[in-house]
């Protein structure tokens, strides 16, 4: 009887404790903000969905999740990346119209 209880305890221990720890955490989960995302701060991207306040942006053909600081931004607008957090970029609407590369008119 004692051997059966010990065997059950060991099986439960393995399932609950050891198996989950065999998997590595992704870099995004283990850091407050991914260094790769933070390197994008200061660059500009194009919204591909409305940001209300969360949506998606396209930066050089790569799609990222993004959140605005306060305002809603429609699809097709240029935004500047101003911050980063876990798996998400913080953006601000630029004054440029789509197709302009930084000239303020």
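Since every read-out is calculated from the coordinates, none of them should be taken as a lab result. All of these numbers come straight from a predicted model, not from anything done at the bench. Here Cβ is always computed from backbone atoms with ideal geometry, including for glycine, and neighbour counts include all displayed protein chains.
Put in order of Cβ neighbour count within 10 Å, fewest first, the listed residues 85, 34 become 85, 34. Taking the convex hull of the alpha carbon positions in region 26-93 and averaging its projected area over all directions gives 4.0 nm².
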